Amino acid sequence: MSQHVHLALLGVSCAGCVRAIEKALDGVDGVDQAQVNLADRSAHIDGSADSATLISAIQAAGYDARELSGDDESDLDTQAQAEAAHLKKLWWQCGAGLALGVPLMLWGLLGGEMMAMSPTSRLVWGLIGLVTLAIMVLAGGHFYRGAFKAFGHHQANMDTLIALGTGAAWLYSMAVLLLPQSFPGEARHLYFEASVMIVGLINLGQALEARARGKTSQALRRLLDLKAKTARVIRGKQESDIPVAAVAKGDKLRLRPGETVPVDGEVVEGSGLVNESMLTGEPLAQEKAAGASLKAGTLLEKGTLVFTATGVGKDTALARIIEQVKKAQGSRPSIGRLADNIAAVFVPVVMVLALVAALVWYNLGPAPAVSHALVVLTSVLIIACPCALGLATPMSVMVGVGKAAEAGVLIRNGEALQTLSHIDTLVLDKTGTLTEGKPQVVEVDTFTDTDIKPLVKALEQGSEHPLASALLEWAGEVDAAALHDFDTLAGKGVKASLDGAPLLLGNHKLMAQYHIALDAGESATNAMMEQGATPVYLARGDALLAVFAVADPIKHDTQAALDGLKKQGLRLVLLSGDRQGTAEAVARKLGIDEVIAEVLPEQKAETITRLQSEGRSVAMVGDGINDAPALAAANVGMAMGTGTDVAMESADLTLMRGSLLVVEDAIAISRATIGNIKQNLFGAFIYNSLGIPLAAGLLYPFTGWLLSPVVAGAAMALSSVTVVSNANRLRFFKGAGKA
């Protein structure tokens, strides 16, 4: 049986680590898919393999992991505590390295002697060397342990580069102290300050990165904060507050003003106003009465409700939203997998480049050749660490998916996020997407002074036709007229007798059958049909009493949303099963570019495929069961959260509000996120592309300048901090829509 395992990882520091763990997990029998997220140090595994086997595979690869409890709030708290402890440790490790490194560096910059020329200076520098070794072990021990583990598994990672660079600098300096006669006088420069400064600076970069990284989980934390802690359950005649985890499906619960809905349910008593904005973004509170559904995490503003629990624990809508956000934050679009693959081979290549550069300097460089070769070797190793490359994608995806969730958009995976960013055609269902999905009387033209509401109420109160509910709603709470000889005429309408005269309510076919002249309502009828409304006629005897325009009204914010989508360069297509005239009328009113009407449900997916065959990248928005095949066929399927579960399961994105403004925001956020990833990748690639030649001494023949290992370490740390900071800019992104 397939299951989802979520593991917290220990000892993961770079993209090379990510690749090594994913390779180890992919080799476990029963693993369908394994994804490691460097941004939050976690692994998401789908398949039949159990957690113990997966953890053993990770440990065999030289890392460690622990299974998360499954309680989202507890897991997030545990991770936050672990991050806080890790951050505290990084701060003191940084302080220890810089406490010695900064004075040594200033000593050299201010003209102090950095060479062991006399027995006294050798003794002093020897003590400094021992202190340096202690700091390297205490403040940088994790680098050396990580490098040793990687070496044991025939791998290389960020720790390998740091360990080689700082270790080479320290060993060279100690060799100069112990065997000075083996080195030319000009080559007796000591590099203890480089070893401790690099350890201090990289720990500083990781501390700043960890602090900024902690902000990426804010969206998930806000969702978890929506969960109620207790619920007031009614059992027999007793009411008591119990933990939400103890609520069972079928329990009756009472909800009072100001309380959060603890579990999903259905109202059985009372009425009230429920604020659902925290889940749907809908600003107006929704009126709830008997039969209405409630969602966990929403807030009762007014009234008192008694409801039956229909979904508890992981079965609530809120729990499913949290799980979807977690999985999406851990996924990677193809652009990220490309970066991971490059980073995975980057470290071995850098090691070769560093050795080649050092040999060139040793054999062809100016005196002191040994010192110059060491500086180049250390600088190339340090500056080439692909940390920024490994963080470029997951940081942006985590923030982007969280930002989308805040706007009411649930993204299934990172691939959908990337695909959505470059769609050029948006296909829209009509009913429930552009319109309210509920027919209403939008206009009435009367040709009599008689109150016709009692007549309409009497004719339609026994009908189940969709148009009947619209007419009954229009008639309101009036008393129905007394009618006789009621009859339903299939495909035409209804007929009854009032004071011996026939009373008719229906379409033009019914009117034609009874020879009712429609001249009086002709202009009104034409106007209604041009607007896409269905005319319904009321007649008594041979006289026309009224014409009703019944239509599925367009949502109040649809026009604003479509205008915004067109500004984003999208071609809008209306795909509907309605008759051509009605669909074209709606399209004209809204400024939609293309209309495909009178399409059967099974033909909708074929239409999407045809559009794709024309070279279009297609997104589809729908809400009904009949839209599910088309949603699955589209490059990106977007289901209205107000629609059916089948539609939402078939879609890549779920829009928690029944508003197209959310679509506008979804596309804007996806484009901003992918743009942010590209900025990060560009910065990381440029950094390494420029940094390695500089560290190798490319400018030395022209300027006499050689990059210091200390500067290389600072630049490497700064690159990771820059990527994380740039990703966090997305948290302040304002969507193009008004969602």
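The set of residues in the range 360-374 that are farther than 24 Å from Ala150 by Cβ and part of a helix (DSSP H, G or I) comprises Val360, Trp361, Tyr362, Asn363, Leu364, Ala369, Val370, Ser371, His372, Ala373. Going by what's in this entry, would Tyr687 be described as in contact with a Leu (Cβ under 7 Å, 6 or more places away or on another chain) and among the aromatic types (Phe, Trp, Tyr)? Judged against the criteria, Tyr687 is not a match. For the range 97-118, the count of residues that are in contact with a strand residue (DSSP E or B) (Cβ under 8 Å, 6 or more places away or on another chain), assigned to a helix (DSSP H, G or I) and surrounded by fewer than 19 Cβ atoms within 10 Å (Cβ to Cβ) is zero.
Only residues that are open to solvent by 10 Å² or more (accessible area, probe 1.4 Å), over 12 Å from His372 (Cβ atoms) and part of a helix (DSSP H, G or I) were counted in the range 691-708, giving 6.
Residue check: is Ile128 open to solvent by 10 Å² or more (accessible area, probe 1.4 Å), more than 25 Å from Asp64 (Cα to Cα), in contact (Cβ under 8 Å) with a residue 40 or more places away in the chain and among the β-branched types (Val, Ile, Thr)? Yes, satisfied.
Here Leu353, Leu426, Leu377, Leu417 are screened, and the one residue that is open to solvent by less than 10 Å² (accessible area, probe 1.4 Å) and in a helix (DSSP H, G or I) is Leu417. Return yes or no: is Thr132 β-branched (Val, Ile, Thr) and at pLDDT below 85? The answer is no for Thr132. Would you check if there is a residue in the range 514-523 being within 30 Å of Thr425 (Cα to Cα) and not in a strand (DSSP E or B)? There is no residue in the range 514-523 that is within 30 Å of Thr425 (Cα to Cα) and not in a strand (DSSP E or B). Meeting the requirement of 3 or more residues that are at positive phi and without any contact (Cβ under 8 Å) to a residue 24 or more places away in the chain, no strands (runs of 3 or more DSSP E) wholly within the range 5-92 can be named.
Can you spot a residue in the range 394-409 that is modelled with pLDDT of 80 or more, of a type in the set (Ser, Thr, Tyr), under 30 Å from Arg320 (Cβ atoms) and crowded, with 24+ Cβ neighbours inside 10 Å? Within the range 394-409, one or more residues are modelled with pLDDT of 80 or more, of a type in the set (Ser, Thr, Tyr), under 30 Å from Arg320 (Cβ atoms) and crowded, with 24+ Cβ neighbours inside 10 Å.
Here is a yes/no grid of residues against (1) surrounded by fewer than 16 Cβ atoms within 10 Å (Cβ to Cβ); (2) at pLDDT 90 or above; (3) assigned to a helix (DSSP H, G or I):
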residue: Ala231; (1), (2), (3): no, yes, no
residue: Asp241; (1), (2), (3): yes, yes, no
residue: Ala245; (1), (2), (3): yes, no, yes
residue: Ala248; (1), (2), (3): yes, yes, no
residue: Arg254; (1), (2), (3): no, yes, no
residue: Pro257; (1), (2), (3): yes, yes, no
residue: Pro262; (1), (2), (3): no, yes, no
residue: Gly265; (1), (2), (3): no, yes, no
residue: Val268; (1), (2), (3): yes, yes, no
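Whenever a residue of the range 189-200 is over 13 Å from Ala163 (Cα atoms), its partners that are part of a helix (DSSP H, G or I) and among the hydroxyl-bearing types (Ser, Thr, Tyr), lying with C-beta atoms within less than 7 angstrom and at least six residues away or across chains, give the pairs His189/Ser371; Leu190/Ser173; Tyr191/Tyr172; Tyr191/Ser173; Phe192/Thr132; Phe192/Ser173.
Restricting the range 431-451 to residues that are touching a Leu at 6+ places or on another chain (Cβ under 9 Å) and open to solvent by less than 10 Å² (accessible area, probe 1.4 Å) leaves a set whose member that is farthest from Thr582 (Cα to Cα) is Thr433.
The values are calculated or read from the model by the stated rules, or taken from the named source; none is laboratory data. Here the structure is a predicted model, which means the values were calculated and not measured. Methodologically, a virtual Cβ is constructed for each residue, glycine included, from the backbone with ideal geometry; neighbour enumeration extends over all protein chains shown. Heavy atoms of the whole protein, side chains included, go into the accessibility calculation; ligands, DNA and RNA do not. Shrake-Rupley method; radii C 1.70, N 1.55, O 1.52, S 1.80 Å.
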